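Read the figures in this text as sums done on the coordinates, not as results from a lab. Bear in mind that the values here come from a model prediction, so they are computed numbers and not experimental data. Here the Cβ positions follow ideal geometry from the backbone for every residue, glycine too, while neighbour counts run over all protein chains shown.
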Amino acid sequence: STPGDLSGTRIVITAGGTREPLDPVRFIGNRSSGKQGVALATAALRRGATVTLIASHLDVPVPAGLTVVDAPSAAELHDAVTDAAEEADVVIMAAAVSDYRPAEVQDAKIKKEDVGDELTLRLVKNPDILAGLAAAARDGQVIVGFAAETARSDDDLLSIGRAKLERKGCDFLVVNRVGWTEGFALDTNSVLVLERGGNVTAEASGTKFAVADRILDAVTAPARAS
Ligand code: C5P
């Protein structure tokens, strides 16, 4: 990863956890900190890429020098990344996108005085943004997904990853294990990068910044080769 080796490459990165609104003051969210996505953006910027960061909820600051588009919910993220992808060589979907959203968003705060002792929320499925980007990709455009899995073993992680790669139709899938005490919010990460077809093309452990450089090496290799 020499400084400047990605100059001329346009990279769009989504990061953070989406927040699906329930009412004006509440949402359904997840524990993603955005650290790995922001580390990817920082590393790509340092290497000379033109970077657009599509930001859902982040627990970390964003470096200067990139274009930031705020996209709190899955629907907003969908629109922002679909738009940005038109001008991108590489799209990296590091955001933790909610699989479901509340079927109805209330205009006024939900009040316990009105609801009583039990509140049932009905959720509807969000579209799979990554699969949509992969299906619409231009020739030569590289689409990268992430999969954070509570796998029982490394073998388990690999087979879940391969099935997901196939299902999403993307070029690369970055797979990592998560649990109550691993993955989210930490400054380190341990990932496998699967390429189309299911081979492991890179393995990286260390700080999220070091891991970011290895991921960028792997996913920009096809562009360098051509
Ligand atoms: O299916 P799963 O949520 O594990 O897939 C994770 C990958 O898919 C991530 O790259 C995430 O950004 C993306 N995703 C998406 N749209 C969704 C759900 C996940 O693009 N609705």
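Brief remarks on what is shown
- Using the Cβ-Cβ distance between E86 and A163 with R0 = 35 Å, the FRET efficiency computed as 1/(1 + (r/R0)^6) comes to roughly 0.75.
- Neighbour counting of Cβ atoms within 10 Å sorts the residues E76, E203, fewest neighbours leading, into E203, E76.
- Listed residues G197, T14, T52: farthest to the positive end of the dipole of the chain (Cβ charges): G197
- Rounded to 10°, Cα long-axis angle of helix 74-85 versus longest principal axis of the chain: 30
- Taking label points 7 Å from Cα along the Cα-to-Cβ direction, S190 and K109 give a separation of 4.5 nm.
- A straight Cα-to-Cα reach below 18 Å connects K112 with the aspartates and glutamates D23, E104, residues fewer than 8 places away in its own chain not being considered.
- Lysines with Cα under 28 Å of K164, excluding same-chain neighbours fewer than 8 positions away: K35, K125, K208
- Exposure proxy ranking for E149, E113, based on other Cβ atoms within 10 angstrom of each Cβ and starting from the fewest, stands as E113, E149.
- Gyration tensor (alpha-carbon) shape descriptor, the chain, a/c threshold 1.5: prolate
- What you get for the chain, charging only the Cβ of Lys and Arg (+1) and of Asp and Glu (-1), is a dipole of about 300 debye around the Cα centre.
- Residue order, fewest to most beta carbons within 10 Å, for L58, L158, L216: L158, L58, L216
- MRE, 222 nm, helices only [DSSP H, n ≥ 4, -39500 (n - 2.57), over the chain, to nearest 500]: -9500 deg cm²/dmol
- Applying a DSSP loop filter and a limit of 15 other Cβ atoms within 10 Å to the chymotrypsin sites (Phe, Trp or Tyr not before Pro) in segment 150-186 leaves W180.
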